[in-house]
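The values are calculated or read from the model by the stated rules, or taken from the named source; none is laboratory data. Source: prediction; values computed, not measured. Cβ coordinates were reconstructed from backbone atoms using ideal geometry, including for glycine residues, and neighbour counts include every protein chain displayed.
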Amino acid sequence: MLGCVGASKWRMEEGYLPVNSYDTGKVFHNLRDAYLDYGSPQGGHLKVVMVDGLLMATQTDIPWREDLFRGWHFYDASQSMEMQRIGKEVVVPFQKTPWCFHDNGATNMATYYGDYELFLKEYFPKIQQLSTSKGENISELKNKFKQLKEMLDGMLENGDREACLNVCQASVFEEFMDCREYFLIAYIEKAEVQNHTIH
């Protein structure tokens with residue numbers, strides 16, 4: 001299976017989510033830093049452990065794990081694992097310039113952490129047991145993320161674009177898709193105010 005962006009190794013033990021493990025490939029997209037270049041193999045392709053779902057081209061078709069994942073999350077990570085289970089390689093090819101434009105948008109995160117637990121249980125049971133033994137509470141994470149969104153909504157409603165930008169640029173939040181969307185909204189509103197003031 002081939003993709004344009006992927007991860008050369010899993011970093012689950014370090015607390016990375018699959019999407020934050022990407023370190024290979026290139027893509028244009030409609031978020032901040034509109035050109036992502038993780039580095040590309042010089043000619044040929046590089047074997048990876050997973051590719052992002054923005055492009056997944058297969059030579060061999062296998063069933064999707066619809067018994068595990070029915071929503072948006074983890075289908076790409078799961079299919080990458082299933083390919084390797086049957087002895088197939090997952091690769092990112094050399095791209096002089098990106099082959100794809102990824103039209104991103106904020107995703108409904110309601111089932112994300114539950115699906116993450118399913119993913120770990122199926123493919124990384126030792127890590128799943130470790131995270132459970134550490135007492136990580138998925139519903140607590142959901143509540144914290146909900147509180148963050150409510151705080152960002154309040155900042156935008158009150159016209160406090162600078163505060164919203166500062167929160168979204170914090171390294172701990174900048175990888176969350178929703179934060180990127182809030183960043184863009186605040187950035188555009190700030191630019192509109194500045195341009196209106198100038199004219």
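Below is a table of values for the structure above.
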quantity	calculated
Verdict on LYS121 being at pLDDT 80 or above and outside any strand (DSSP E or B)	yes
Qualifying positions in the stretch 72-88 - of a type in the set (D, E, K, R) and assigned to a helix (DSSP H, G or I)	ASP76, GLU82, ARG85
Among (1) surrounded by 12 or more Cβ atoms within 10 Å (Cβ to Cβ); (2) modelled with pLDDT of 60 or more; (3) more than 20 Å from CYS168 (Cα to Cα), the one test that LYS142 misses	(3)
Extreme residue, modelled with the lowest pLDDT, among residues of the stretch 82-118 that are under 18 Å from the mean Cα position of the chain (by Cα) and of a type in the set (Ser, Thr, Tyr)	THR107
